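See below for the structure under consideration.
The values are calculated or read from the model by the stated rules, or taken from the named source; none is laboratory data. What you are looking at is a predicted structure, and each value in this text was computed from that prediction instead of being measured. Note: ideal-geometry Cβ built from the backbone for every residue, glycine included; neighbour counts use all protein chains shown.
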Amino acid sequence: MSLAYVILGLLQQQEMTGYDLKTSCFDQCIAHLWPADQAQIYRTLDKLVEQGWITCTIEIQRDRPNRKVYSVTEPGKAEFARWLGTHQPLPTVREPMLVQLHFADQLPNETIVYLLEEQLAARSKKLAECEIIDLPSLGDESAKREQVMQRLVLELVIRREQTYIDWLKIAVNVISHQKPYASHYQIL
């Protein structure tokens with residue numbers, strides 16, 4: 001999946017500027033799924049315009065710089081609908097902390113525990129951020145279809161973070177009870 005489809009989906013909901021996409025959408029509602037910085041968003045918007053999937057209209061403003069407002073074209077809507085109905089392969093997962101842990105037998109236990117606790121703090125922060133996202137619960141009959149889909153996704157993210165946190169706590173406990181690190185090399 002690419003950032004282009006995320007942007008197409010967001011622009012289908014309403015037309016926006018690149019700034020609005022970053023601050024209202026990526027920073028506030030979709031960062032837990034697909035983070036993007038301002039430069040990535042603007043580069044992708046330019047490519048989408050080139051492909052004819054979105055258009056850009058310039059709104060003249062008096063006291064501020066002009067605004068570029070983006071909206072999805074019919075070909076963009078068709079491409080987004082095609083993509084929505086396409087099976088997505090499993091993502092390539094890269095977990096730097098897990099690679100560190102894989103080779104961490106070379107480190108003292110205290111260092112490993114420190115790294116795990118840093119990851120635990122980061123995951124706990126992300127979980128807290130996800131838990132305050134305001135969406136109706138899955139059993140809420142008054143929820144709109146869009147809200148139900150978003151809640152389903154959010155539930156998986158919350159469960160994934162909670163599972164990671166639980167595993168990190170186990171890992172900290174295991175490493176804390178390991179025999180101390182002994183160097184492979186003896187000092188002469």
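Output the residue which, of all residues in the stretch 98-110 that are surrounded by 12 or more Cβ atoms within 10 Å (Cβ to Cβ) and of a type in the set (S, T, N, Q), is nearest to Arg123 (Cα to Cα).
Top of the filtered list is Gln100.
Select, from Glu118, Glu74, Glu110, the only residue that is without any contact (Cβ under 8 Å) to a residue 40 or more places away in the chain and closer than 26 Å to Leu156 by Cα.
Values: Glu74 fails: closer than 26 Å to Leu156 by Cα; Glu110 fails: closer than 26 Å to Leu156 by Cα.
Going through Glu118, Glu74, Glu110 in turn, the sole match is Glu118.
State yes or no: is Val49 touching a Cys at 6+ places or on another chain (Cβ under 6 Å), under 21 Å from Ala78 (Cα atoms) and not in a strand (DSSP E or B)?
Values: touching a Cys at 6+ places or on another chain (Cβ under 6 Å): yes; under 21 Å from Ala78 (Cα atoms): yes; not in a strand (DSSP E or B): yes.
The answer is yes for Val49.
Out of all the residues in the stretch 16-46, which are under 29 Å from Leu156 (Cβ atoms) and in a loop (DSSP other than H, G, I, E, B)?
Ala31, His32, Leu33, Trp34, Pro35, Ala36, Asp37
Return the residue satisfying two criteria in turn: it lies in the stretch 1-15 and is in a loop (DSSP other than H, G, I, E, B) and not aliphatic (A, V, I, L, M), and of such residues it is modelled with the lowest pLDDT. Spell out the reasoning first.
Step one: of the stretch 1-15, the residues in a loop (DSSP other than H, G, I, E, B) are 1-2, 14-15.
This time we only want the ones that are not aliphatic (A, V, I, L, M), so: 2, 14-15.
Numbers: Ser2: 86, Gln14: 92, Glu15: 93.
Going through the qualifying residues, I end up with Ser2.
Check the stretch 100-123 and report whether any residue there is basic (Lys, Arg) and in the same structural domain as Ile170 (by TED's automatic domain parsing). Show your work before the answer.
To start, the set of residues in the stretch 100-123 that are basic (Lys, Arg) comprises 123.
Restricting the remaining residues to those that are in the same structural domain as Ile170 (by TED's automatic domain parsing) gives 123.
Yes, the stretch 100-123 contains a residue that is basic (Lys, Arg) and in the same structural domain as Ile170 (by TED's automatic domain parsing).
Name the single residue, out of those in the stretch 121-139 being in contact with a helix residue (DSSP H, G or I) (Cβ under 8 Å, 6 or more places away or on another chain) and either without any contact (Cβ under 8 Å) to a residue 12 or more places away in the chain or in a loop (DSSP other than H, G, I, E, B) (or both), that is nearest to Tyr164 (Cα to Cα).
Start the filter on the stretch 121-139 by keeping residues that are in contact with a helix residue (DSSP H, G or I) (Cβ under 8 Å, 6 or more places away or on another chain), which leaves 123-124, 126-127, 130-131, 133, 135-138.
Within this subset, residues satisfying the condition of being either without any contact (Cβ under 8 Å) to a residue 12 or more places away in the chain or in a loop (DSSP other than H, G, I, E, B) (or both) are 133, 135-138.
On the way: Ile133: 19, Leu135: 23, Pro136: 24, Ser137: 23, Leu138: 23 Å.
Out of the qualifying residues, it is Ile133.
Considering only the stretch 22-56, state which residues are at pLDDT 95 or above and touching a strand residue (DSSP E or B) at 6+ places or on another chain (Cβ under 8 Å).
If the condition is that a residue be at pLDDT 95 or above and touching a strand residue (DSSP E or B) at 6+ places or on another chain (Cβ under 8 Å), then Leu45, Leu48, Val49, Trp53, Ile54, Thr55, Cys56 are the ones that fit.
For Leu98, indicate whether it is touching a helix residue (DSSP H, G or I) at 6+ places or on another chain (Cβ under 8 Å), part of a helix (DSSP H, G or I) and not aromatic (Phe, Trp, Tyr).
On the way: touching a helix residue (DSSP H, G or I) at 6+ places or on another chain (Cβ under 8 Å): no; part of a helix (DSSP H, G or I): yes; not aromatic (Phe, Trp, Tyr): yes.
Answer is no for this residue.
Of the residues in the stretch 69-95, how many are part of a strand (DSSP E or B) and in contact with a helix residue (DSSP H, G or I) (Cβ under 7 Å, 6 or more places away or on another chain)? Please lay out each step first, then the result.
The initial filter retains those residues of the stretch 69-95 that are part of a strand (DSSP E or B), namely 69-72.
Then drop every residue that is not in contact with a helix residue (DSSP H, G or I) (Cβ under 7 Å, 6 or more places away or on another chain), which leaves 70-72.
Of the residues in that region, 3 qualify.
Which one of these is among the charged types (D, E, K, R), surrounded by fewer than 16 Cβ atoms within 10 Å (Cβ to Cβ) and over 21 Å from the mean Cα position of the chain (by Cα): Glu95, Glu79, Glu74? So that I can check it myself, show each step before the final result.
Working: Glu95 fails: over 21 Å from the mean Cα position of the chain (by Cα); Glu79 fails: surrounded by fewer than 16 Cβ atoms within 10 Å (Cβ to Cβ).
Of the residues listed, the single one that is among the charged types (D, E, K, R), surrounded by fewer than 16 Cβ atoms within 10 Å (Cβ to Cβ) and over 21 Å from the mean Cα position of the chain (by Cα) is Glu74.
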